[in-house]
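Here is the structure we will look at, set down as structure tokens.
The values are calculated or read from the model by the stated rules, or taken from the named source; none is laboratory data. As the structure is a prediction and not an experimental result, all values here were calculated from the model. Note that we place each Cβ from the backbone using ideal geometry, even for glycine, and neighbour counts take in every protein chain shown.
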């Protein structure tokens, strides 16, 4: 292919706009050669259009109009009969969150950091159900933690984060009631782009990142991407670590418009910091004793650490046959090893305030294996998917425990004593296997009505082995789940919808007696209204819902190792969610969210729980993030800022302890000059002291204080 007449330098941006401006950068093109002299012929590589990128790739702005998470064939958000929010690449770049729970904190329905400053896991509740570690997916495949192995993903290796609220059992199998968070990995684009940054921040944290995508052959059919992140730092806690080494690579081969194969892999080493509990005056100890030192929440033993070594490899394959048929396959194998040590509060003497601490250590190896194969048939407005999926999760762990072995005086609460490695208390293996078949049909009529229906049958089993006693326990179950939804797109931009969805989850864990947990079932009615104006620059959404879940698990407070659970019979959550996303004017864009939540334990085998609120379910939440382009005032300057309010909420199902409400502010300043940019980001701008959770018998876990980061980046 040759391009004549116009100078190359003029043609390149025009061609780029023509090819990539129509679907938020959804089309891809081969790298264009450097500008030629006037009149010189420019040889271009073949252009390959990949229409599915608009459902999974990067987005220039705060609004992604389409998703694959709610309907696997990929549809506009207005056609999904369920609440879904997309945290775009632009928002991730602008806010630069340190972890996934920070990335989703401005999303309605989500209560982030439910366990305080605890960097071991990404933790959050959705629609009143604490489920962060069991709600995570990556590229549509499970990315769930086991025991203390977290499989934690850094936002820097992601293009977007999609939050689907409510049961999603039909498409994703075992899935918790509140919803799911799908992490969409960066993958190659068919253009040459490189960016790098270096930064320094609070507590001596230094980091550097590099992200490059390249076309690798002259035909423009092979592209690769490499993402590297290095971080060496600490948190506000004593003897803490905030270290990460990450390398993520991907390779896409697309010989034709009909066939593509993407291989994704990553290696990651972390050293992070566990949470700390702080006893509260008048609750854990007599208020007449006075207060613990103001900085006690930052004190911890040098024994504490959380080291992990993880990696994954997988692929996504797609081939389009004739007559509207397309075959898709996703697969990933992930493994993680951890060395976890923790000296944590076991009890407090009310009369003296003296504390006893437990030394715990865990050595674990875990892996996830997942496959998803589905055949898609499109004809006119109809898209039918039939799929088979499989997942296997396994962990083997040794737990070492010295319960209450270390006294700490209230009068001199320091941790300058040595802690011996505790004796072996457990050596267990846990294995979960699930197989499922499913179908989903999405039909859009010419009048704007869309009907989405689905059905799944799953078979799953759980096995717990006690390797000290050579005993095993098995549990097998099956579940049938369905969904039905209607959406109607009106000519004026309004799109009402209504849906019924079902889900299930085989609760991973055991009772204090060692028995596997019973599975949970969930069902939800939801009605909503979206508004997308003709210009498509912003989206307004509102939803009301009635969500119910059986056999909700909660930590058994009689187990000092925090590894056993109880289960409540049924919990109901009702609520209202409001969301606005996108560009409000030429220089102002952002996100807004509000959640009203009413939860109740409607059935319970535990005396005194019926009628209580569910744990970690604040009745009101409000969030706002605005990004203002201030280049009219100072060329290259933009200002971002956010506010979040979390209402007071109970910490456990017993409703014996309330976590107070709090309001936090964030700030982001960016200055761009040519291909350079300087960023200043501040979380918890006013250094507000607050508690993320106050737990029965353990005190409170403090939320993160003010953190500041300064970065300099360049695009090549």
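General observations
- Failed item in (1) in contact with a strand residue (DSSP E or B) (Cβ under 6 Å, 6 or more places away or on another chain); (2) touching a residue at least 24 places away in the same chain (Cβ under 8 Å); (3) closer than 23 Å to residue 213 by Cα, with residue 247 passing the rest: (2)
- Counted as qualifying within the range 504-589 are the strands (runs of 3 or more DSSP E) with 1 or more residues that are touching a residue at least 40 places away in the same chain (Cβ under 8 Å) and touching a helix residue (DSSP H, G or I) at 6+ places or on another chain (Cβ under 8 Å), namely 520-531, 538-555.
- Residues that are farther than 16 Å from residue 82 by Cβ and over 14 Å from the mean Cα position of the chain (by Cα), drawn from the range 171-185: 173, 174
- Verdict on residue 595 being within 30 Å of residue 534 (Cα to Cα) and crowded, with 21+ Cβ neighbours inside 10 Å: yes
- Test: residue 351 is over 30 Å from the mean Cα position of the chain (by Cα), within 27 Å of residue 658 (Cα to Cα), assigned to a helix (DSSP H, G or I) and modelled with pLDDT of 95 or more: no
- Evaluated against (1) in contact with a helix residue (DSSP H, G or I) (Cβ under 9 Å, 6 or more places away or on another chain); (2) within 30 Å of residue 257 (Cα to Cα); (3) surrounded by fewer than 16 Cβ atoms within 10 Å (Cβ to Cβ), residue 327 falls short on exactly one condition, (1).
For every residue, the table says whether it meets (1) buried (at least 18 other Cβ atoms within 10 Å of the Cβ); (2) modelled with pLDDT of 85 or more; (3) closer than 30 Å to residue 578 by Cβ.
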{"residue": "32", "(1), (2), (3)": "yes, no, no"}
{"residue": "35", "(1), (2), (3)": "no, no, no"}
{"residue": "39", "(1), (2), (3)": "no, no, no"}
{"residue": "43", "(1), (2), (3)": "no, no, no"}
{"residue": "47", "(1), (2), (3)": "no, no, no"}
{"residue": "59", "(1), (2), (3)": "yes, no, yes"}
{"residue": "70", "(1), (2), (3)": "yes, yes, yes"}
{"residue": "83", "(1), (2), (3)": "yes, yes, yes"}
{"residue": "86", "(1), (2), (3)": "yes, yes, yes"}
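- Residue among 322, 370 that is more than 21 Å from residue 170 (Cα to Cα) and in the same structural domain as residue 137 (by TED's automatic domain parsing): 322
- Within the range 218-233, tally of residues that are surrounded by fewer than 17 Cβ atoms within 10 Å (Cβ to Cβ) and either within 30 Å of residue 296 (Cβ to Cβ) or not assigned by TED's automatic domain parsing to the domain that holds residue 187 (or both): 1
- In the set (1) modelled with pLDDT of 95 or more; (2) over 30 Å from residue 287 (Cα atoms), the condition left unmet by residue 645 is number (2).
- Enumeration of residues in the range 331-354 that are closer than 30 Å to residue 377 by Cβ and surrounded by fewer than 21 Cβ atoms within 10 Å (Cβ to Cβ): 331, 333
- Unique match (being in contact with a strand residue (DSSP E or B) (Cβ under 9 Å, 6 or more places away or on another chain), closer than 30 Å to residue 695 by Cβ, in the same structural domain as residue 554 (by TED's automatic domain parsing) and modelled with pLDDT under 95) among 595, 602: 602
- Exactly one residue out of 337, 394 is more than 22 Å from residue 240 (Cα to Cα) and under 25 Å from the mean Cα position of the chain (by Cα), and it is 394.
- Residue 198 meets each of the listed conditions (1) surrounded by 20 or more Cβ atoms within 10 Å (Cβ to Cβ); (2) part of a strand (DSSP E or B) apart from (1).
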